[in-house]
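Okay, so here's the structure we're looking at.
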Amino acid sequence: MRFLPRSLLNRVFLLFACISGILMMGSMVMFLHGQMTREIDDANDTGTMVIEIVAQAVADAAVVNDLDSIKRTLDAAVNRTPFGSARYIEVHGAPVVSRAPLRESDAPRIIQEMVKERLPDFNRVIEVGGRDYGVLRLGFLSESVSDYLWWTFVRTALFGMLAMAAGLLVVRWLLARWLSNLGHLQYFVDQIQAGRLDAKASVSTDAPVEIRRTLEQFNSVAARFVSTLQHEKQRAEVTLHSIADGVMTLDPERRIVYANVAAERILGQPAGSMQGRALDSVLPMQGGEGAGGGPFVKVELPDNHAAVLELSRAPLQDQQGSVSGEVLAFRDVTQDHYIRRELQRVSLAVQHAASAILTTDAAGRIDYVNPTFTAMTGYAFEEVCGKTPAFLKSRKVKPAVYVELWAAVRAGRIWRGELVNRCKDGSELWCGLTISVVLDHEGRPVQFVSVMENTTERKKAEQTIHRLAYFDSLTTLPNRRMFMEHAEESVATASRREHPLFVGYLDLDGFKHVNDSLGHHIGDSLLAAVGQRITGCLRSGDFLGRIGGDEFALLLPDASVETARRIGHSIIETFDRPFLIGGHDIQISTSIGVSLFPADGLDVANLLRRADMALYKAKEMGKRQLVLFSEDIETDKLERSQLELALHAALARKELRVHYQPKIELGSGRIVGAEALMRWNHPDKGPIGPDRFIPIAEESRLIIPMGRWIIDETCRQIREWSDAGMRGIKVAVNISAVQFRSPDLAGDIERIVASHGISPDQLELEVTESVLMEDPAGVAAIMARLRLIGLTIAIDDFGTGYSSLAYLKTFPVSVLKIDRTFVRDLETDTNDKGIAEAIVSMAAVLGMRVVAEGVETAAQAGILQAMGCGLAQGYFFGKPMDKTLFEDHWRDRQADGALAIAG
Ligand SMILES: Nc1nc2c(ncn2[C@@H]2O[C@@H]3COP(=O)(O)O[C@H]4[C@@H](O)[C@H](n5cnc6c(=O)[nH]c(N)nc65)O[C@@H]4COP(=O)(O)O[C@H]3[C@H]2O)c(=O)[nH]1
């Protein structure tokens, strides 16, 4: 179809011309054929008629054999008829022939052939009177018929072609006129393209109805389209003016064609002043595009302030697809830029922070962890992303802590605290944690940011410090401080739950002796073993602490009195088994005092104080005792306190007196000495025995001045007796353990003895066996000093302690006093007697004298004397008495000692 003309007009015209040509050709052929047929028929008709006429003439001539006539007839026929040849063939003669001169036909050969074919020769037998004279033959002159036909055709064809050409011209003119309406469309499009959107495609009045309708529809569609276009344009303009981004369009030379309101605002110039100007003059980019990094450019705005714009550009293309300019969109991201920079800085800081940082979304799902978090916990981001941080929990944090944490952060507050987390490898991780909340504009949390400091090392150090501060390194038991704090908590819990709480106080009987005799390292090991044994007697919720040297305290929550007693007794009984420490079998015991919350006190101090009172009572009652606190104990204690106060006053007011109990030489019955015993006549209560006030004086250390006073009084009395002639009376003074360890005891006594001018050997010091147990080396040194001064030392209540022979040898002791408990049943108890005998023999071996105490009967005196005991004292010889009575008694005894024994 390449050969088709391009325009519709030419195509329609060509089509019409072709069809017209074909029709005309067909018409011409048919016309030629019809004309030929007609001509042939006419020639035949003429030939038939002519041959008859010629035949008549020839016949007439033939009859007369006039060949000339025949010849003339034939010539006439040839000249005046369509025939071109005439021939008379005489039957027996020569033929007469007439022929028209030969000529060339103008007609095409095909026509000539066709004509020749259709025009046959006419033959006529010349018969006259029944005789055949010959045959007349006429041959048509086909060239003239052919020429006629040809020229008729040619003329007709010429006319037809002229007519057709005229027709075609008319048709073309009409087609051009009608189709020119379509040409209006192009004009219309050009107008639209030129921006004249109100243009219309005009329609001529004689336009074919189809074109008219098409154009009208086109106009209608175009109108709608234009309307839509205008609407869209308006919308686009409104959009462009309302968006926050600056938009400019540029022509191919990068001159500004259009700028929206935002562009005016950002660049600070009206659109009119920018239009037509080169972009670079309006938007001078520092360092060129991309200098700000990526799509960002730094520009210098007219008011001389630098801004960062985010730039995007797109080419504009015309309908042919070639670039006709570009669209430039930009926004002022100066603030964002610096914020982004800031964020980059912060991000970098977070990345390399020494603290672990973790962020979660509002639902608590992790969306970021920094490398330090991974290093600290062992969890990579991929492992924890999307999870809640619950996997870090160690179960060592009280649920209340998490409750408080969530309450704070949900309320948008910062939470700070310390948690124990668990690392991936299972190890514990102490974290100092700060959780901050990012809120949205409505104040709802959208992000939680946790910053974790690894405080494990610090915590360990704290735990070490705590352990040192709160635990006893020897026994690993809680120390006093921790015990007190725990006791406070236990009391608070018991108070809240209204449950009972028992507080136990216990110490070890004989621990000091072990410590002193076997060494501190054994003592330490013993304490550790004791701690374990006691712990073994406790229930799971019970609490044991070491609160002093050999003092332990117990908390027994939620226990009945029976349970407390059972536990207490089991502890006491567990000591019955000796402790094997460092190869030594050590036998010690314990006593326990118990108080009960709330009956015996509402606070720890009171409970402990009362447990201590009960312990004190237990001690008073002897070893291996469990005593539950009772009001009596406190009353007793109160009384003791009152007595202590009164005792202070008594000492000051010189209410104390000395009584002397005579010491008798069993062999002679004479008084060889006395024991000075303190007496106190309370102004209100009357006489109070030393068994009552001495322990109080010892406890309050009042015994030291009291002891000094009695030594002084005794020395004064010795001096007085000496001066009065009562010579040879050696007086023993009791020195309590507290007094014995008081500083410069020996110096004090030496000064007192010297001040009274008596001989030191007239004064004897009685110390109990227990004194020897504590700090043997120190005791031995003091004793040596006393001995050096010239004093003698007696061991009081001997036999009740643990002194061994070997042990005694290390002290400069001169006298052993058999405790009166052995003397009391001497007559009946062979054990006691055996002990007394052993003491007597031992003393003999050691070169010591023996004094038997508490001799109440002559029999006892006799037994003692029989076993070799040299000295005795007791009610049998005389009760403690004042100095006057003693003097009388002395005189009596001096007179007849033996009688006294016998009596
Ligand atoms: N049942 C009975 N008792 C007898 C008999 N013979 C003596 N006694 C008592 O036995 C005690 C002997 O004194 P002690 O064992 O040193 O025991 C003394 C001593 O340990 C202490 N004491 C007394 N005066 C002083 C003192 O001045 N200083 C110190 N540190 N303690 C003293 O008080 C304790 C008690 O003294 P006292 O009540 O005077 O009791 C005295 C005495 O009255 C007897 O045949 N039968």
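What follows draws every value from the coordinates through simple rules; no lab data is involved. These numbers come from a predicted model, not from an experiment. Neighbour counts run over all protein chains shown; Cβ positions are idealised from the backbone, glycine included.
Are any of the pairs LYS617/LYS879; LYS654/LYS730; LYS617/LYS685; LYS512/LYS663; LYS617/LYS809 more than 31 Å apart by Cα-Cα distance, and if so, which?
Too far apart for the 31 Å limit: LYS512/LYS663; LYS617/LYS809.
From the P(r) of region 747-903, could you give the percentage of C-alpha pairs in the tail past 25 Å? List each step's numbers first, then the result.
On the way: 4554 of 12246 pairs.
Of the Cα pairs, 37 percent sit more than 25 Å apart.
Please compute P(r) over all alpha-carbon pairs of region 183-313, binned at 5 Å starting from zero, and give each bin as a whole-number percent.
2, 9, 14, 15, 13, 9, 8, 8, 7, 6, 4, 2, 2, 1
Which of the peptides 665-673, 394-402 is most tightly packed, and how do the rest follow, judged by the mean count of other Cβ atoms within 10 Å per residue?
Ranking, from highest mean packing down: 665-673, 394-402.
Please give the contour-minus-distance gain from ASP585 to ARG416: 0.36 nm per residue of separation, less the Cα-Cα distance, rounded to one decimal in nm.
Between ASP585 and ARG416, full extension yields an extra 55.3 nm.
For Cα pairs less than 8 Å apart in space and 6+ apart in sequence, what is the mean separation divided by the residue count of the chain, i.e. the relative contact order in percent?
Result for the chain is 5 percent.
What area, in nm² and to one decimal, does the C-alpha convex hull of region 569-646 cast on average over all directions?
Orientation-averaged projected area of the Cα hull: 6.8 nm².
Compute the separation of the alpha-carbon centres of region 71-116 and region 866-887 and state it in Å as a whole number.
When both Cα centres are located, 221 Å separates them.
Identify, among LEU518, TYR505, PHE629, the residue whose Cα sits farthest towards the positive end of the charge dipole of region 471-629, taking +1 on the Cβ of Lys and Arg and -1 on the Cβ of Asp and Glu, with the dipole about the Cα centre.
Final value for the positive-end residue is PHE629.
Any idea what the alpha-carbon Rg over 2.2 N^0.38 Å comes to for region 243-338?
Normalised Rg, Cα atoms only: 1.04.
Can you tell me which aspartates and glutamates have their Cα less than 13 Å from the Cα of LYS817? Leave out same-chain residues fewer than eight positions away.
GLU675, GLU764, GLU766, GLU769, ASP796, ASP797, GLU837, GLU853
From the helices alone, meaning DSSP H stretches of at least four residues, give me the mean residue ellipticity at 222 nm for the chain, per-run term -39500 (n - 2.57), in deg cm²/dmol to the nearest 500. Spell out each step's value before the answer.
Working: 31 runs with 455 residues, N = 903.
Result for the chain, helices only: -16500 deg cm²/dmol.
Let's test the formula: R0 of 22 Å, r as the Cβ-Cβ distance of GLN286 and ARG313. What FRET efficiency results, to the nearest 0.05?
Given R0 = 22 Å and the Cβ-Cβ separation, E is 0.80.
Charges only on Cβ, +1 for Lys and Arg, -1 for Asp and Glu: so what's the dipole of the chain about the Cα centre, in debye to the nearest 20?
Result for the chain is approximately 1780 debye, rounded to the nearest 20.
Please determine, in degrees from 0 to 90 and to the nearest 10, the orientation of helix 209-242 with respect to the longest principal axis defined by the Cα atoms of the chain, where the helix direction is its Cα long axis.
20 degrees
Mind checking which aspartates and glutamates have their Cα closer than 17 Å to the Cα of LYS200? Skip sequence neighbours fewer than 8 apart in that chain.
Partners within reach: ASP190, GLU216.
For GLU498 paired with ARG395, estimate the spin-label separation in nm (one decimal), with each label point 7 Å from Cα along the Cα-to-Cβ line.
It is 3.5 nm.
To the nearest 10 degrees, how steep is helix 561-574 against the longest Cα principal axis of the chain, on a 0 to 90 scale?
Roughly 70 degrees, rounded to the nearest 10.
Please report, in whole Å, how far the alpha carbons of region 495-605 spread along each principal axis, starting with the longest.
48, 24, 18
Please give the direction-averaged projected area of the C-alpha convex hull for region 176-231, in square nanometres with one decimal.
Average of the hull's projected areas for region 176-231 equals 3.5 nm².
As a footprinting exposure proxy, order MET678, MET164 by other Cβ within 10 Å, with the fewest listed first.
MET164, MET678
Going by average Cβ neighbours within 10 Å, how do the peptides 635-641, 539-545 rank, with the highest at the top?
On the way: 635-641: 14.1, 539-545: 16.0.
Output ranking for 635-641, 539-545: 539-545, 635-641.
Any idea what the dipole of region 471-629 comes to, in debye rounded to 20, about its Cα centre with Lys/Arg Cβ at +1 and Asp/Glu Cβ at -1?
Computed about the Cα centre, the dipole is about 200 debye.
For a bin width of 5 Å, list the pair-distance distribution of region 641-892 built from all Cα-Cα distances, rounded to whole %.
Histogramming region 641-892 at 5 Å steps yields 1, 6, 14, 17, 19, 18, 15, 7, 3, 0 percent.
Which GluC sites (Glu not before Pro) does region 58-156 hold that lie in a coil by DSSP with at most 15 other beta carbons within 10 Å?
For GluC sites (Glu not before Pro) across region 58-156 that sit outside H, G, I, E and B with at most 15 neighbouring Cβ atoms in 10 Å, the list reads GLU104.
Roughly how many nanometres apart are two label points built 7 Å out from the Cα toward the Cβ at ARG727 and GLN894?
Taking the simple label geometry, ARG727 and GLN894 are separated by 1.1 nm.
Give the cross-link partners of LYS424 among the lysines, using a straight C-alpha distance below 22 Å as the criterion and excluding same-chain residues fewer than 8 apart.
The reachable lysines, counting only those whose Cα sits under 22 Å from LYS424, are LYS387, LYS393, LYS396, LYS398, LYS459, LYS460.
How much FRET efficiency would the formula 1/(1 + (r/R0)^6) give for THR476 and LEU885, where r is the Cβ-Cβ distance and R0 is 56 Å, rounded to 0.05?
0.40
Hey, what angle do you get for helix 604-620 against the long axis of the chain, alpha-carbon based, 0 to 90 degrees rounded to 10?
40 degrees
What is the P(r) of region 352-460, as percent of Cα-Cα pairs per 10 Å bin from 0?
15, 50, 31, 4, 0
Test of understanding: ordering MET161, MET613 by Cβ neighbours within 10 Å, fewest first, what list do you get?
Working: MET161 15, MET613 23.
Listing MET161, MET613 from fewest to most nearby Cβ atoms yields MET161, MET613.
Return the sequence-ordered ³J(HN,Hα) values of region 70-80 in whole Hz as given by the Karplus equation 6.51 cos²θ - 1.76 cosθ + 1.60 applied to θ = phi - 60°, using x for Gly and Pro.
Couplings: 4, 4, 5, 4, 5, 4, 4, 4, 5, 7, 10 Hz.
Using the beta-carbon distance between LEU638 and GLN351 and R0 = 41 Å, what value does 1/(1 + (r/R0)^6) give for FRET efficiency, to the nearest 0.05?
0.05
At what distance in nm do the modelled label points of ARG172 and SER630 sit from each other, each positioned 7 Å from its Cα along Cα→Cβ?
15.2 nm
In Å and whole numbers, how far do the C-alpha atoms of the chain stretch along each principal axis, longest first?
Each principal axis gives a Cα extent; for the chain these are 257, 74, 46 Å.
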